Amino acid sequence: MRWTACLVAGLVALAAGPTRAAPPAAAGPDVAVGPVTKLPLPRYASLKTDRVNLREGPSKDHRTLWVFQRAGLPVEIVAEFETWRRIRDSEGTEGWVLHSLLSGRRTAIVNAPKGADKAAPVPLRARADEAAEDEARLQAGVIGSVKSCTGTWCRLIVALPGKRGDVDGYIRQDRLWGVYPNEKVE
């Protein structure tokens, strides 16, 4: 069972399979913008609630493909139609959700380093420096709130089980899904 969503009982998965993420649009005058919001496409957002239906098309008449059950899950908005947004999750699955179920709050999922064991923990540093002390060691799949990114490092705040309060630190930007390479977030 997918960790990011639960399959709705009795529904058939997308016949064509998931679509993989396309590279982000480059900055500049040729950036695509949504016809409804006039915001850049693609762009990242997060799920606002613990129950979000991912639909086959942009209306409630379309069948539900997945039910996401994780508020704060980062998603990529790839298209807009009226009050609907076509989103892609970190595993490449696409579908339509109501815009009111999305938040502009930036979150990201920790990815294992390329070529590394998927179970290898990823360091969350005290400063944006490889030599800085570890604040925590995060497993792939951990979700955190993105506070800022320089294009190389992101400041991430993560709630970890067994710790009082949140852990605040820095992680290499290329270790996250939810921010584009070289993207600056303020």
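List of remarks:
- Single condition Gly178 does not satisfy, out of (1) in contact with a strand residue (DSSP E or B) (Cβ under 8 Å, 6 or more places away or on another chain); (2) on the phi < 0 side of the Ramachandran plot: (2)
- Filter pass, Ser145 being under 30 Å from Lys60 (Cβ atoms), within 14 Å of the chain's Cα centre (by Cα), of a type in the set (Ser, Thr, Tyr) and surrounded by fewer than 20 Cβ atoms within 10 Å (Cβ to Cβ): no
- Candidates Ala120, Ala136: the one that is in a strand (DSSP E or B), small (Gly, Ala, Ser), over 24 Å from Glu76 (Cβ atoms) and not assigned by TED's automatic domain parsing to the domain that holds Val75 is Ala136.
- Qualifying residue in the range 45-55 (condition: at pLDDT 95 or above, under 19 Å from Pro181 (Cα atoms) and in a strand (DSSP E or B)): yes
Okay, residues lined up against (1) assigned by TED's automatic domain parsing to the domain that holds Pro35; (2) more than 30 Å from Thr37 (Cα to Cα):
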residue: Pro74; (1), (2): yes, no
residue: Arg85; (1), (2): yes, no
residue: Gly95; (1), (2): yes, no
residue: Leu124; (1), (2): no, yes
residue: Thr150; (1), (2): no, no
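- Residue match in the range 156-165 (condition: assigned to a loop (DSSP other than H, G, I, E, B), in contact with a strand residue (DSSP E or B) (Cβ under 7 Å, 6 or more places away or on another chain) and within 20 Å of Arg70 (Cβ to Cβ)): yes
- Selection from the range 17-44 of residues that are modelled with pLDDT of 50 or more, assigned to a loop (DSSP other than H, G, I, E, B) and farther than 16 Å from Thr83 by Cα: Pro29, Asp30, Val31, Ala32, Pro42
- Boolean, Gly115 is in a loop (DSSP other than H, G, I, E, B) and touching a residue at least 24 places away in the same chain (Cβ under 8 Å): no
The values are calculated or read from the model by the stated rules, or taken from the named source; none is laboratory data. Everything quoted here is computed from the prediction, not taken from an experiment. With ideal geometry, Cβ positions are generated from the backbone for all residues, glycine too; neighbour counts draw on all protein chains shown.
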